[in-house]
Amino acid sequence: MIDVARDSLFGLDNLPYGVFSTPGAAPRVGVRVGDSVLDLARVLDDEVFAQPSLNPFMARGHRRWSEVRERVTELAGADVPADAVHPVDEVHMHLPIEVADYVDFYASEHHASNIGRLFRPDSEPLMPNWKHLPVGYHGRAGTVVVSGTDIVRPRGQYATPDGPEFGPCRRLDIEAELGFVVGAGSPLGTPVSCDDFAEHVFGAVLVNDWSARDIQAWEYVPLGPFLGKSFATSISPWVVPMAALDAARVPLPRQDPEPLPYLRGREPWGLDIDLTIDWNGQAISHPPYRTMYWSPAQMLAHLTVNGASARTGDLFASGTISGPEMNQRGALIELTWGGAEPIDLDGEPRTFLRDDDTITISATAPSSSGGRLGFGEVHGRIQAS
Ligand code: MN
């Protein structure tokens, strides 16, 4: 029986999956139970758990995910071999999935409005399409990294009054987001409806979409973000199964105008997840996921409505999570209003990231036992370029 403190954020109602290794052994699949990692390659007779990513397990499909979750629940409360359980602070965590395609949405009305006001002060904050479809762009799958990976300050072009210059980014920012991992794909030519979300999406991770605002501002017209985003995206090492988030489901904020039929599900739902952003150890914001305008199911329906297939390992992120309050904004550009209103960080006024700064994003949600479950955290330190 694995010891779990009563108030643990990793109780039996969570059971997130990750890829871990111990000294001298290959990376393999484990489940976090309390402050321990249960080695699934050791306790379950299925070769998918001996792999260095969750993809082979995720590809087995929704029925298998349910079976394994049930079996792990039994095992965690029973006698397991001592060598199948490792203290979480004695294992090394790896990128949990082999990322297939990576898409980033823009689903927070508060974030999109704030960015609109900052980038286009003389026009309507929201573009005319924004309330009709979940706006998104394709990111770079190969630069998604696991929490703890240092982020090298990107170099690039940015505009100055004397014309474009090249150099290290001077407005390096964060975006606190939630990411959804596709477990079972869909065939080319067959859209996934809002109501089929659970058949395809395996779980959720925390995402920090590092953003070079000066590079982004110069390059983004007319095709959207490119090098200002593609240098690195960090994700948390534990994938919280969607099954664990049933108790966190909440109604979506009202959508007006009513979306087109393909964006309507039987019962539209959002998620009641509370995030915290720490900058060098100081909490600077508490973004509430429940305020997001577009739901994860609508994002997947939109992503596939043109017939594009989804693949095991696809990652689609929500876009920056910003609530209506000042201290609920998910990016420094909003928290400091474009750098004009610095944050007091341990007595020092600060705007964008400096070398050696560390950002940590964590989150919790209601769990089925009436307590809370945790996502763990995604953190990263800025390295000089
Ligand atoms: Mn983003």
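Data for the structure
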| item | result |
| --- | --- |
| Å² per residue, accessible surface of the range 17-94 at 1.4 Å | 47 |
| Over the chain: helical MRE at 222 nm, DSSP H runs n ≥ 4 each giving -39500 (n - 2.57), nearest 500 | -4000 deg cm²/dmol |
| Value of relative contact order over the chain, rounded to a whole percent, pairs C-alpha under 8 Å and six or more apart | 22 |
| Extension reserve of the VAL221-MET326 stretch, reckoned as 0.36 nm per residue once the Cα distance is removed | 35.0 nm |
| ILE343, ILE382, ranked by accessible area, largest first (probe 1.4 Å) | ILE343, ILE382 |
| Where labels lie 7 Å past Cα in the beta-carbon direction, separation of LEU188 and ALA308 in nm | 1.5 |
| For peptides 186-197, 327-338, sequence by mean Cβ density within 10 Å, most packed first | 327-338, 186-197 |
| Rough spin-label spacing in nm, given labels placed 7 Å along Cα→Cβ, for GLU124 and SER66 | 4.4 |
| Computed FRET value (nearest 0.05) for ASP355 with HIS138, which takes r as the C-beta separation and R₀ as 35 Å | 0.75 |
| Length added when fully stretched, GLU348-ALA26, from 0.36 nm per residue minus Cα-Cα | 111.5 nm |
| D_trans [Stokes-Einstein, Kirkwood Rh over alpha-carbon pairs] for the chain, 10 °C, 1.306 mPa s, µm² s⁻¹ | 74 |
| Mean Cβ count within 10 Å, highest first, over the residues of peptides 81-87, 203-209, 48-54 | 203-209, 48-54, 81-87 |
| Theoretical FRET efficiency, 1/(1+(r/R0)^6), r = Cβ-Cβ of ASP46 and ALA100, R0 25 Å, to 0.05 | 0.70 |
| Percentage, to the nearest whole number, of Cα pairs in the range 17-94 over 20 Å apart | 24 |
| Solvent-accessible area, 1.4 Å probe, carbon plus sulfur percent, for the chain | 51 |
| Amide proton proximity set for ARG372, modelled H, under 5 Å, gap of 5+ | SER367 |
| Estimated inter-spin distance, LEU260 and ALA159, nm [label 7 Å along Cα→Cβ] | 3.2 |
| Inter-part distance where the range 100-157 and the range 192-246 are each reduced to a Cα centre, Å | 9 |
| By accessible area with a 1.4 Å probe, ligands and nucleic acids excluded, highest first: order of ARG32, ARG311 | ARG311, ARG32 |
| Rounded accessible area per residue of the range 102-383, 1.4 Å, Å² | 41 |
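The values are calculated or read from the model by the stated rules, or taken from the named source; none is laboratory data. Not measured: the values here are computed from a predicted model. No Cβ is skipped: glycine too gets one built from the backbone with ideal geometry, and neighbour counts run over all protein chains shown. The accessibility values were calculated without ligands, DNA or RNA, using every heavy atom of the protein model including side chains. Shrake-Rupley method; radii C 1.70, N 1.55, O 1.52, S 1.80 Å.
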